[in-house]
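One structure is given here, and the rest of the page talks about it.
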Amino acid sequence: MLFVCLGNICRSPLAEGVFRRLVVKEGLSDRIEVDSAGTGAWHVGEQPDRRMRSTAESHGVSLDAIRARRVEAADLVDFDYVFAMDRENLRDLRRLAGRSEDSIALFRAFDPVDGDPDVPDPYYGGTDGFERVFEIVERTSRSILDHIRSEQGWPTNDQPASGESDRNASA
Ligand code: 4NP
């Protein structure tokens, strides 16, 4: 599971942190690897933006261990699911893949609330932009996990895994 935005310091590290918390809570850590990257290289090696870390922290999500990196063509082969935070990121990822790649999707295609197809870039805006990004990322992450769970045939928490085969698809 790879989330990709432009700088890898605001939107995609938030998605990484929020999704990882969800995966841990649902006991799926051994099945789903969560990572993030950027299409641009300006911030490689840096921590997520201070404003994004502080908004995430206020919701109990720490992004402190994340460091920005640039997405590589190999990522598009290695990860079964790649989510672009906006349409420009999606275009750039498709160009990097060099062929049609079913694993690449637009993050907000899974947003349960209809609206803009892009997660807005909060970098040049005020604090409310970061809070808004958090809301979008939180609800869409839940929806993505439900989608993957049903695609992989994994039971939900309220359906005990009795008789489950020993599948261990790595997402
Ligand atoms: P992100 O936000 O793509 O959500 O990490 C941005 C961060 C930095 C820049 C652009 C977007 N920048 O141009 O430096």
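Which residue fluctuates most in the GNM of the chain (Cα springs below 10 Å): Val133, Val71, Val113?
In the Gaussian network model the winner is Val113.
Using a Gaussian network model on the chain with a 10 Å cutoff between Cα atoms, which of Leu14, Leu63, Leu145 fluctuates the most?
With Cα springs under 10 Å in the chain, the top fluctuation among Leu14, Leu63, Leu145 is at Leu145.
Accessible area of the chain with a 1.4 Å probe: how many percent of it is carbon plus sulfur?
So the carbon and sulfur contribution to the accessible surface is 46 percent.
Modelled label-to-label distance, Ala74 and Arg142, 7 Å Cα→beta-carbon offset: nm?
So the two model labels end up 3.7 nm from each other.
Quote the relative contact order of the chain in percent (integer), defining contacts as alpha-carbon pairs under 8 Å separated by 6+ residues.
Relative CO of the chain lands at 26 percent.
So if each residue of separation counts as 0.36 nm, and I subtract the Cα-Cα distance between His59 and Asp128, what length gain in nm does that give?
Contour length minus the Cα-Cα distance gives 23.4 nm.
Packing-wise, with mean Cβ within 10 Å as the measure, how do 121-129, 78-86, 54-62 rank, highest first?
Averaged packing, sorted descending, gives the order 78-86, 54-62, 121-129.
The values are calculated or read from the model by the stated rules, or taken from the named source; none is laboratory data. Bear in mind the structure is a predicted one, so any value in this text is a computation, not a measurement. Every residue, glycine as well, gets a Cβ built from its backbone with ideal geometry; the counts of neighbours run over all protein chains shown. SASA here: full protein model, heavy atoms, side chains in, ligands and nucleic acids out. Shrake-Rupley method; radii C 1.70, N 1.55, O 1.52, S 1.80 Å.
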